[in-house]
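One structure is given here, and the rest of the page talks about it.
The values are calculated or read from the model by the stated rules, or taken from the named source; none is laboratory data. Since we're looking at a predicted model, the values are computed, not measured. Glycine also receives a Cβ, built like all others from the backbone with ideal geometry; neighbour counts cover every protein chain displayed. Calculation scope for accessible area: heavy atoms of the full protein, side chains included, ligands and nucleic acids excluded. Shrake-Rupley method; radii C 1.70, N 1.55, O 1.52, S 1.80 Å.
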Amino acid sequence: HRLMNGLKLYALQVWLFLWPAKLSVDYSYNVLPVSRSFSRPEVLSAALLTASMLLYGLVQLRRRPAIAWGLLLFLGTGLLTSNIFLPIGTIFGERLMYLSSAGLCLAVAAAADGLLANRRAPGAANLGAFGLLFVLVAGGALGARTWERNRDFTSPETLFESALKVVP
């Protein structure tokens, strides 16, 4: 069960990294349902995502090393907290994502740099403009989410009230 659920945690980390709309300080007990079969759609999609990230990272080591190392850092450090090889006593917590999300930050920054670099290539002005627009919109949205989330940390009461809204 640890492998199936660990794979789902990788997918959850990617989702929270890309869309941190609902965050909680506590994901204990029955918040994350346990999967007991690889045939479950969420397990299959998580396994496919994880395998794709690993394969892409290995294939791109020479061509796009920053993206490759970012993905491999995410996957490698995620093993420490995914409960796949060693149960750690905590099912999931955003605090466990700090190091692994650094790998995703590296991969996304390198990909964004590639999009912005295309702006300088002949005939690729539209892609560069799209890349710049995407970086500005995504950065603005994530910055606004951070600003909003900071309000949850004003007191223990507000922190756990926000957690209760996300994972009752």
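Only a single item in (1) open to solvent by 60 Å² or more (accessible area, probe 1.4 Å); (2) farther than 12 Å from Leu7 by Cα; (3) free of Cβ contacts under 8 Å to residues at least 40 places away in the same chain; (4) over 16 Å from the mean Cα position of the chain (by Cα) is not met by Asp26, and it is number (3). Within segment 35-52, residues that are under 18 Å from Leu75 (Cβ atoms) and of a type outside the set (S, T, N, Q) have Cβ atoms under 6 Å from residues that are assigned to a helix (DSSP H, G or I) and open to solvent by less than 90 Å² (accessible area, probe 1.4 Å) in these pairs: Val43/Met4; Ala46/Leu7; Ala46/Lys8; Ala46/Ala11; Ala47/Leu7; Leu49/Ala11, counting only partners at least 6 apart in sequence or on another chain. Once segment 65-89 is narrowed to residues that are in a loop (DSSP other than H, G, I, E, B) and either of a type in the set (Asp, Glu) or surrounded by fewer than 18 Cβ atoms within 10 Å (Cβ to Cβ) (or both), the residue that is modelled with the lowest pLDDT is Gly89.
Taking the condition farther than 30 Å from Met4 by Cβ, in a helix (DSSP H, G or I) and modelled with pLDDT of 90 or more, does Ala51 pass? Before you say what the answer is, go through the steps one by one.
Working: farther than 30 Å from Met4 by Cβ: no; in a helix (DSSP H, G or I): yes; modelled with pLDDT of 90 or more: yes.
No; evaluated as a whole, the condition is false for this residue.
Of all the listed residues (Val34, Val43), the sole one being aliphatic (A, V, I, L, M), surrounded by fewer than 12 Cβ atoms within 10 Å (Cβ to Cβ) and closer than 27 Å to Ala163 by Cα is Val34. If only residues of segment 90-124 that are outside any helix (DSSP H, G or I) and either open to solvent by 70 Å² or more (accessible area, probe 1.4 Å) or in contact with a His (Cβ under 8 Å, 6 or more places away or on another chain) (or both) are counted, the one that is modelled with the highest pLDDT is Ile91.
Return yes when Gln13 is surrounded by 12 or more Cβ atoms within 10 Å (Cβ to Cβ) and free of Cβ contacts under 8 Å to residues at least 24 places away in the same chain and no when it is not.
no
If you check Pro20 against the conditions, is it of a type outside the set (A, V, I, L, M) and either in contact (Cβ under 8 Å) with a residue 12 or more places away in the chain or open to solvent by less than 40 Å² (accessible area, probe 1.4 Å) (or both)?
Numbers: of a type outside the set (A, V, I, L, M): yes; either in contact (Cβ under 8 Å) with a residue 12 or more places away in the chain or open to solvent by less than 40 Å² (accessible area, probe 1.4 Å) (or both): yes.
Spelling it out, Pro20 is indeed of a type outside the set (A, V, I, L, M) and either in contact (Cβ under 8 Å) with a residue 12 or more places away in the chain or open to solvent by less than 40 Å² (accessible area, probe 1.4 Å) (or both).
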